[in-house]
Amino acid sequence: MFDRLPEIAAAFDRRERIVVFPGDCLEFLRGIPDETFQLVVTSPPYNLGKEYEKRIHLEHYVEQQREVIRECVRVTKATGSVCWEVGNYVDNGAIVPLDALLFPIFQDLKLRCRNRIVWHFEHGLHCTRRFSGRYESILWFTKSEDYFFDLDAVRVPQKYPGKKHFKGPRAGQYSCNPLGKNPGDVWIIPNVKSNHVEKTEHPCQFPVELIERLVLTLTREDDWVLDPFLGTGTSIIAALRHDRRGAGAETHSRYVEIARSRIHQALQGTLPVRPMNRPVFNPRDAGRALTSAPWLKQGELDGVLALGEKQTPYGAKK
């Protein structure tokens with residue numbers, strides 16, 4: 001990949017390949033020239049009082065985000081993209097979707113929203129007075145109509161690759177794209193919890209494959225990728241794995257250490273990473289004993305669906 005492993009710089013310079021700034025992202029951003037980055041991708045704190053943030057009034061949080069977003073847009077190229085990944089702010093059990101709250105900021109800055117991508121995962125907090133949250137969203141914006149987008153780099157296998165046109169001038173010809181299909185705007189990717197191969201001590205860590213799909217689609221080789229809330233370095237790692245340049249800022253000193261360590265491992269090819277597009281693990285297919293309810297007899301188990309409910313005809317009384 002490299003003739004020699006690049007150094008991890010602490011200050012931005014276009015000649016570098018990797019920059020990890022140990023400090024506030026606004027301080028970092030203000031020293032960067034206009035239209036430097038092809039892609040800005042990040043997941044900011046959700047104002048929930050995690051160890052890396054101080055919970056503040058929601059209006060103040062939005063204003064802080066506005067300031068960071070404005071600077072991120074300034075340093076994004078005219079052909080570039082901004083991807084803002086967020087979940088919900090929770091106040092006494094009531095949720096506020098942060099993408100809805102932040103969307104007007106991007107609109108005011110004249111950005112164009114291309115997709116609201118839903119990231120679906122299976123693990124998380126089990127709620128008792130509302131449905132458990134199992135998705136977050138990525139707002140993808142561009143600065144202009146002349147933006148870079150490489151769909152072929154992230155196509156996924158066709159569901160019916162042998163399907164053919166049944167009428168018209170192309171009757172009998174295969175109807176699908178041989179390179180695969182568009183992955184759509186709902187992405188089923190495991191989040192980094194418990195036994196995930198990429199797990200660190202960070203409580204809200206990006207999976208590498210989530211960012212890889214954005215990097216491959218929205219950048220070319222040697223382009224710069226920025227993450228203003230770097231965390232444990234995942235965005236830079238995703239960029240480096242595909243010959244891009246990566247930069248980010250992180251205020252939490254322990255996470256800076258972890259990010260630098262993970263980036264070193266990525267450069268050496270030793271970092272554990274879940275491969276992109278690997279099917280989501282299904283414990284039933286793997287024959288795990290824990291997927292059978294021990295309080296049900298075999299006859300009862302035969303009538304239980306995969307979701308754990310007995311079949312009931314629609315409209316019938318239970």
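The values are calculated or read from the model by the stated rules, or taken from the named source; none is laboratory data. Everything quoted here is computed from the prediction, not taken from an experiment. Cβ atoms come from the backbone with ideal geometry, glycine included; neighbour counts cover every protein chain shown.
Looking at the stretch 167-216 only, could you name the residues that are modelled with pLDDT under 85, in a loop (DSSP other than H, G, I, E, B) and among the aromatic types (Phe, Trp, Tyr)?
None; the set is empty.
Looking only at the stretch 28-39, decide whether some residue is at pLDDT 95 or above and among the β-branched types (Val, Ile, Thr). Spell out how you get there, then give the answer.
Filtering the stretch 28-39 for residues at pLDDT 95 or above gives 28-39.
Add one more test, that the residue is among the β-branched types (Val, Ile, Thr), and what stays is 32, 36.
Checked the stretch 28-39: at least one residue is at pLDDT 95 or above and among the β-branched types (Val, Ile, Thr).
Which condition does PHE21 not pass, out of (1) under 25 Å from GLY246 (Cα atoms); (2) modelled with pLDDT under 95; (3) not polar (S, T, N, Q), if it passes all the others?
That leaves (2) as the condition not met.
Would you pick out the residues in the stretch 194-229 that are more than 20 Å from PRO44 (Cβ to Cβ), out of contact with any helix residue (DSSP H, G or I) (no Cβ under 7 Å at 6 or more places or on another chain) and surrounded by fewer than 24 Cβ atoms within 10 Å (Cβ to Cβ)?
SER194, ASN195, HIS196, VAL197, LYS199, GLU209, ARG220, GLU221, ASP222, ASP223 - these are the residues of the stretch 194-229 that are more than 20 Å from PRO44 (Cβ to Cβ), out of contact with any helix residue (DSSP H, G or I) (no Cβ under 7 Å at 6 or more places or on another chain) and surrounded by fewer than 24 Cβ atoms within 10 Å (Cβ to Cβ).
Determine which single condition LEU179 fails, assuming it passes every other condition in (1) in contact with a Lys or Arg (Cβ under 6 Å, 6 or more places away or on another chain); (2) hydrophobic (A, V, I, L, M, F, W, C); (3) surrounded by 13 or more Cβ atoms within 10 Å (Cβ to Cβ); (4) farther than 15 Å from MET276 by Cβ.
Unmet condition: (3).
What are the pairs, 6+ residues apart or on separate chains, where a residue within the stretch 139-158 that is closer than 19 Å to ASP108 by Cα has its Cβ under 6 Å from a residue that is surrounded by fewer than 16 Cβ atoms within 10 Å (Cβ to Cβ) and aliphatic (A, V, I, L, M)?
LYS143/ALA78; SER144/ALA78
If you take the residues of the stretch 135-166 that are aliphatic (A, V, I, L, M) and not in a strand (DSSP E or B), which of them is surrounded by the fewest Cβ atoms within 10 Å (Cβ to Cβ)?
In this case the residue turns out to be LEU151.
Got a number for residues in the stretch 154-169 being out of contact with any strand residue (DSSP E or B) (no Cβ under 8 Å at 6 or more places or on another chain) and within 30 Å of ALA100 (Cβ to Cβ)?
Total satisfying the criteria: 1.
Out of the stretch 72-118, which residues are polar (S, T, N, Q) and loosely packed, with under 13 Cβ neighbours inside 10 Å?
Of everything in the stretch 72-118, those that are polar (S, T, N, Q) and loosely packed, with under 13 Cβ neighbours inside 10 Å turn out to be ASN92, GLN107.
Is there a residue being touching a Ser or Thr at 6+ places or on another chain (Cβ under 7 Å) and over 25 Å from ASN282 (Cβ atoms) anywhere in the stretch 156-163?
The answer is yes, given that some residue of the stretch 156-163 is touching a Ser or Thr at 6+ places or on another chain (Cβ under 7 Å) and over 25 Å from ASN282 (Cβ atoms).
If MET1 satisfies all but one of (1) at pLDDT 95 or above; (2) of a type outside the set (D, E, K, R); (3) exposed (fewer than 14 other Cβ atoms within 10 Å of the Cβ), what's the number of the condition it fails?
(1)
Show the residue pairs that are 6+ apart or on different chains and have beta-carbon atoms under 9 Å apart, the first residue being within the stretch 242-257 and among the β-branched types (Val, Ile, Thr), the second being modelled with pLDDT of 95 or more and part of a helix (DSSP H, G or I).
Note: pairs meeting the criteria are THR251/CYS25.
Sort out which residues of the stretch 221-241 are assigned to a loop (DSSP other than H, G, I, E, B) and either without any contact (Cβ under 8 Å) to a residue 24 or more places away in the chain or over 19 Å from CYS72 (Cα atoms) (or both), and write them in order of number.
GLU221, ASP222, THR232, ARG241
Which of the strands (runs of 3 or more DSSP E) found entirely inside the stretch 64-113 contain at least 2 residues meeting this: among the basic types (Lys, Arg) and more than 21 Å from ILE211 (Cβ to Cβ)?
none
Every residue in the stretch 269-302 that is of a type outside the set (D, E, K, R), surrounded by fewer than 10 Cβ atoms within 10 Å (Cβ to Cβ) and modelled with pLDDT under 75, please.
ALA286, GLY287, ALA289, LEU290, GLN298, GLY299
Among the candidates THR142, THR128, which residue alone is under 22 Å from the mean Cα position of the chain (by Cα) and either within 30 Å of SER194 (Cα to Cα) or not aliphatic (A, V, I, L, M) (or both)?
Result of the check over THR142, THR128: THR142.
Considering every residue within the stretch 260-283, establish whether at least one is within 16 Å of PHE21 (Cβ to Cβ), of a type outside the set (Ser, Thr, Tyr) and in contact with a Pro (Cβ under 7 Å, 6 or more places away or on another chain).
Within the stretch 260-283, not a single residue is within 16 Å of PHE21 (Cβ to Cβ), of a type outside the set (Ser, Thr, Tyr) and in contact with a Pro (Cβ under 7 Å, 6 or more places away or on another chain).
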